[in-house]
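What follows is a set of notes on a single structure, which appears directly below.
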Amino acid sequence: MAKKFIDVMDTSFRDGFQSIYGARVLMEDFFPALEAAKEAGIKHFEFGGGARFQSLYFYLNEDAFLMMDKFRKIVGEEANLQTLSRGINTVTLDTGSRELIDLHAKLFAKHGTTTIRNFDALNDVNNLKFSGECITKHGLKHEIVITLMDLPPNCFGAHDVAFYERILREILVAEIPFSSLCFKDASGTSNPEKIYQTIKMARSILPSQTHIRLHTHETAGVSIACYLAALEAGADGIDLAAAPVSGGTSQPDILTMMHAIKGKNYDFGLDLEKILKYEEVFKECMSNYFLPPESTMVSPLIPFSPMPGGALTANTQMMRDNNILDKFPEVIKAMREVVEKGGFGTSVTPVSQFYFQQAFNNVMFGKWKKIADGYGKMVLGYFGKTPVSPDEEIVKLAAEQLKLEPTTELAVDLADKDESKSLTYIKTLLEKEGLETSEENIFIAGACKEKGIAFLKGEAKVNVRKLSTMPKPISADENKFTVSVNGNKYHVELHAGFDKDVNVKNIQKIPQNEIPNENAIEAGISGNVFKILVKENDAIKAGQVVMILEAMKMEIEVQATKDGIIEQICVQTGDAVSEGSALAIYKD
């Protein structure tokens, strides 16, 4: 009896990059590995969308559409190239207008996509209907998604088999066109028995020829068991990755899973030796990239605080950039309460980012003292209906702090009312900058806003962590220096710490910029200067927003501490600043 063929999608070049390197991998660095993957016989790739759209403009100074075109040219016309879309958010963290959602499907079809995997983190079917119709209209295969996770202990009301059956039946009643169904567990927290029962449920409801697959991560350590459970229940496909972007926060390794199905009635149609060769080439391609240690780990805490693998390293990389990585354990611990009170949206982008941002704020500013914009809008209903009602007190706080009322209006209808999300408005922004108003440029500016326009103007910067550009450890001889004073040269040897025999005559702390603290407007958090809203000699009032910092994909307002006149602006747009840094100085 012939073994059942199981379709394997190689996620290495999308989710693998996102989960291991925070999505920051330059195209020319990985293309040789892609060639090797093609030679190994892989024909189904995840190649774009998700965080691998914005990240190219934010961190790599690369055009995602150009990358997609080059990718297609390498693998040929027969390959199934798949992208990831977040329903009405498409490839952004914000909701898009119907115009932007349609343009997303049109352009991704133009630039080599075969299939779009389309999910909504809240499992609100209303957010899948129009986006799914656009994907199908433009000739693409629509892989509709039900998002999964296990809830923290003692939480109930969603994310069980009955909940997933309800969502599937709502999809069918809504008559959303789709060619396949994926159950997507971005945090890897679903237990194997639930996976088995969920796949069995879907198989019993859908026509027998419907392609059903599972996507999960190794973050919580149960991915292999979940994949085996899914296959036993009748799944037709699974997602795997190749080393060095497999395991840990990513998908299980292709070779590992091939080992796991030995003796079973499944066939991936892949050759072990060829995959082994592909992984050797891939490791060489990535040998100069900094491998975050947390990306290779399995965490027993993830089922309590379901942080997706694809978000975990993206956030730790940003925390490294801002020199606050020491806060990460506290933030993960704080995330549990944020999930419990947020309405049980699935921890996958953008909701996972909302969870992380709110946990981050709770750690940095005090518990619930500062409601993150995305989290607040989510509990207020601006992204759709959460699986269960959020905590009433949190809803009240969000309404007060964001100055918004709760809503039950469809998220896409709200987006259509926002003029800044119309194609006409975005086109006007491009015209003001003297930029071409092609459909690609309109979508880049609409999806990436100021950073997209900066890219189009040639102002984007590359921020990739490579070993060759990172500071080197100090060797034994690097604490010895030759110092010249008034023409005389002296040998000086520096040592860490204080020697008890040194006679210190005087110690005086010099405030930053040699200005007393009461005359400085300081950064309350490490980040980058996103916008400067005042000029030197401006008169300002206490509480007035004078600057906006960007940290952890959030815009954080910096407010004036008192009335006064600005004597000096100490920073420029784009500067990295540390907590406590002087941003502006008052006149005495």
With each pseudo-label sitting 7 Å past Cα toward Cβ, what's the ASP563-LYS274 distance in nm, one decimal?
7.7
Which of the peptides 560-572, 12-24 is most tightly packed, and how do the rest follow, judged by the mean count of other Cβ atoms within 10 Å per residue?
12-24, 560-572
Give the Cα extents of the chain along the principal axes, in whole Å, largest first.
88, 58, 53
Pull out a ≥ b ≥ c, the square roots of the eigenvalues of the alpha-carbon gyration tensor of the range 56-209, then state rounded if a/c is under 1.5, prolate if not and a/b is larger than b/c, and oblate in the remaining case.
prolate
Multiply the residue separation of LYS367 and GLU77 by 0.36 nm, subtract the distance between their alpha-carbon atoms, and state the gained length in nm to one decimal.
99.2 nm
In the chain, carbon and sulfur make up what percent of the accessible area (probe 1.4 Å)?
51
Placed amide H near ILE556: partners under 5 Å, 5+ positions off or other chain
LEU549, GLU550, ALA551
Can you compute 3J(HN,Hα) from phi for each residue in the range 444-452, using the Karplus curve 6.51 cos²θ - 1.76 cosθ + 1.60 with θ = phi - 60°, rounded to whole Hz and x for Gly and Pro?
4, 5, x, 7, 10, 6, 4, 6, x
Tilt of helix 272-285 relative to the longest C-alpha principal axis of the chain, in degrees (0 to 90, nearest 10)?
20
Given the -39500 (n - 2.57) contribution per DSSP H run of 4+ residues, what per-residue ellipticity at 222 nm results for the chain, rounded to the nearest 500 deg cm²/dmol?
-11000 deg cm²/dmol
Net charge around VAL338, counting only other residues with Cβ within less than 12 Å of its Cβ (Lys, Arg = +1; Asp, Glu = -1)?
+1
Give me the lysines in straight-line cross-link reach of LYS541: C-alpha distance below 17 Å, same-chain residues under 8 apart excluded.
LYS562, LYS587
Centre separation in Å (Cα based) which lies between the range 24-76 and the range 178-220
26
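Using DSSP to call loops (not H, G, I, E or B), can you name the chymotrypsin sites (Phe, Trp or Tyr not before Pro) in the range 64-169 whose Cβ has at most 10 other Cβ atoms within 10 angstrom?
Here the chymotrypsin sites (Phe, Trp or Tyr not before Pro) that fit, given the DSSP loop and packing criteria, are PHE156.
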If one compares the long axis through the Cα atoms of helix 192-205 with the longest principal axis of the Cα atoms of the chain, the angle in degrees, nearest 10, works out at 50
Here the range 27-32 yields Karplus 3J(HN,Hα) values (6.51, -1.76, 1.60; θ = phi - 60°; whole Hz; Gly and Pro given as x) of 4, 5, 6, 9, 4, x
Just to confirm, what accessible area per residue do you get for the range 7-125 at 1.4 Å probe, in whole Å²?
24
At the level of C-alpha centres, the distance separating the range 109-170 and the range 449-467, in angstrom, is 31
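For the range 162-223, report the accessible area per residue in Å² (1.4 Å probe, heavy atoms, rounded to an integer).
36
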Which pairs break 26 Å Cα to Cα here: LYS427/LYS451; LYS70/LYS106; LYS106/LYS283; LYS369/LYS449?
LYS106/LYS283; LYS369/LYS449
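Suppose we keep just the DSSP beta bridges with both residues in the chain; what percent of those would be antiparallel, to 5?
45
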Cβ-Cβ FRET estimate between GLU35 and LYS466, R0 fixed at 22 Å, reported to 0.05:
0.55
As I understand it, the value is the acute angle between the Cα axis of helix 309-321 and the longest principal axis of the Cα atoms of the chain; what does it come to in degrees, rounded to 10?
10
Extension gain (nm, one decimal) between THR407 and MET201, 0.36 nm per residue minus Cα-Cα:
70.9 nm
Accessible area per residue in Å² at 1.4 Å probe, computed on the range 386-465:
58
Need the C-alpha centroid separation for the range 397-446 versus the range 519-588, integer Å.
26
Determine one quarter of the surface area of the Cα convex hull of the range 217-364, which equals its mean projected area, and express it in nm² to one decimal.
10.2
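The values are calculated or read from the model by the stated rules, or taken from the named source; none is laboratory data. Predicted model only: the values in this text are computed from it and were never measured. Reconstructed Cβ throughout: ideal geometry from the backbone, glycine too, with neighbour counts over all protein chains shown. To get the accessible areas, we keep the full protein, side chains included, count just its heavy atoms, and leave off ligands, DNA and RNA. Shrake-Rupley method; radii C 1.70, N 1.55, O 1.52, S 1.80 Å.
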